[in-house]
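Okay, structure first, notes after.
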Amino acid sequence: MIATISGRTAVAAVICWLTLATSASAECAWILWKQTVDIAVAMAPPAERDVSKLLVWETRAAYEKKQACDDALATEERRLREVGASSPKLVCLPDTVDPRGPKGK
């Protein structure tokens, strides 16, 4: 019985270690994304308008830390406000997340 408890404890310890190792490696790259409206699609006649292509996501920059990405996002939003530009949607996401959705095959 003691060997079984020790075995379970060892397994639990390994799982905890793997969880910590995974969260430590979660400091992946962060991407600053910008979402805009494709004017050509918006201005097309309704019968020819492909709404799925109306919103366009583009990468602005990549950062090693989330805080650096958040700082760049705030700077970009401030700069856009200063020039009176309409604010596009800006968001920082891990490099494992693509706001454009899954790629089709």
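Only the coordinates and a few stated rules stand behind these numbers; no lab work does. Quick caveat, the model's predicted, so the values are computed rather than measured. FYI the Cβ positions are ideal-geometry reconstructions off the backbone, even for glycines, and counts take in every protein chain you see.
For the range 59-105, GluC sites (Glu not before Pro) meeting the loop criterion (DSSP other than H, G, I, E, B) and having at most 12 other Cβ atoms within 10 Å: Glu64. From most to least packed by mean Cβ count within 10 Å, the peptides 69-75, 47-53 give 69-75, 47-53.
Of Leu32, Leu93, the sequence from fewest to most neighbouring Cβ atoms within 10 angstrom is Leu93, Leu32. Across the range 28-94, the relative contact order, built from alpha-carbon pairs under 8 Å that are at least six residues apart, equals 48 percent.
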